Amino acid sequence: MPRELVLSLDGHEFPVTMVKIDRDKLYGSIEIEAFDEKGNEASLRVLAADGKTLIDKGGTALTTVNAKGTSIDRSALTAVDENGDKIEPVPSSFNEPNVLKKADADDYLAQIVKSVYLLQPAEGGDIDYLLDHLGAKQIYSFPFSYRGGLDYDQAFVLGADNSAFMIVGRPAEIEFLKMNQSTALDSTDEQEVSVDDLDFDLL
């Protein structure tokens, strides 16, 4: 049974289920199969560092080690910010109602999209009130975290053709430049290079 996400607008709560829309569903997919000269299906293997040993699927693993090279459990790690202060994790958005706030198109268009979901009413639910507002070209947003973690993504809820969609992403760090706009070089980063330092054997 799919997990239910509860959205809240003007005091009304809307339990919804999320159907992920990916490129395969939109455009289809292609699967490539490889066979040897005898018709046997080929499989992907990893070449070890010695250049001779082939490692089959499942033969490698990742582990976390401390400064001494001792393996440690990931649950023993603590996330900190750039100042060394502990980062408090955020809960999953499925744990409590998510209040929708009005957003504008500029905020939505400035997102780097990670995931797109079709929102459907949960069993016995009704989202007509939400669809009416979305049909009026209104966009809503709320902080979203699927499983919980160190911080939230930003989710935008918008409508099209009497359907509700949720687009999850992060704000893009975009710097706009004007035509013929130049930027000053930091002279402290420049190092003078003499002809004697050039090694033409490397070219």
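Exactly one residue out of D10, D36, D24 is of a type in the set (D, E) and more than 30 Å from E123 (Cα to Cα): that is D36.
Selection over region 31-64 of residues that are touching a Lys or Arg at 6+ places or on another chain (Cβ under 6 Å) and within 30 Å of T78 (Cβ to Cβ) gives a count of 1.
Pairing residues of region 57-86 that are under 30 Å from A42 (Cα atoms) with residues that are hydrophobic (A, V, I, L, M, F, W, C) and modelled with pLDDT under 85, at Cβ distances under 9 Å and at least 6 apart in sequence or on separate chains, gives K57/L44. I'd like to check something: does region 70-83 contain any residue that is closer than 16 Å to P15 by Cα and among the acidic types (D, E)? Scanning region 70-83 turns up no residue that is closer than 16 Å to P15 by Cα and among the acidic types (D, E).
Residue pairs whose Cβ atoms lie under 9 Å apart, separated by 6 or more positions or on different chains, with the first residue in region 92-110 and touching a residue at least 60 places away in the same chain (Cβ under 8 Å) and closer than 13 Å to L9 by Cα and the second among the charged types (D, E, K, R) and not in a helix (DSSP H, G or I), are P97/E13; L100/D10. Scanning region 45-83 for residues that are over 20 Å from L150 (Cα atoms) and in contact with an Asp or Glu (Cβ under 9 Å, 6 or more places away or on another chain) yields R45, V46. Screening K20 on (1) more than 25 Å from the chain's Cα centre (by Cα); (2) under 30 Å from Y140 (Cβ atoms) shows it passes everything except condition (1).
Annotation: of all residues in region 144-203 being polar (S, T, N, Q), at pLDDT 65 or above and outside any loop (DSSP other than H, G, I, E, B), the one that is surrounded by the fewest Cβ atoms within 10 Å (Cβ to Cβ) is S163. Screening region 124-166 for residues that are in contact (Cβ under 8 Å) with a residue 60 or more places away in the chain and of a type in the set (D, E) and picking the one that is nearest to L5 (Cα to Cα) gives D126.
The values are calculated or read from the model by the stated rules, or taken from the named source; none is laboratory data. From a predicted model like this one, the values you see are computed outputs, not experimental measurements. For neighbour counting, all protein chains shown are included, and Cβ atoms are generated from backbone atoms with ideal geometry for every residue, glycine included.
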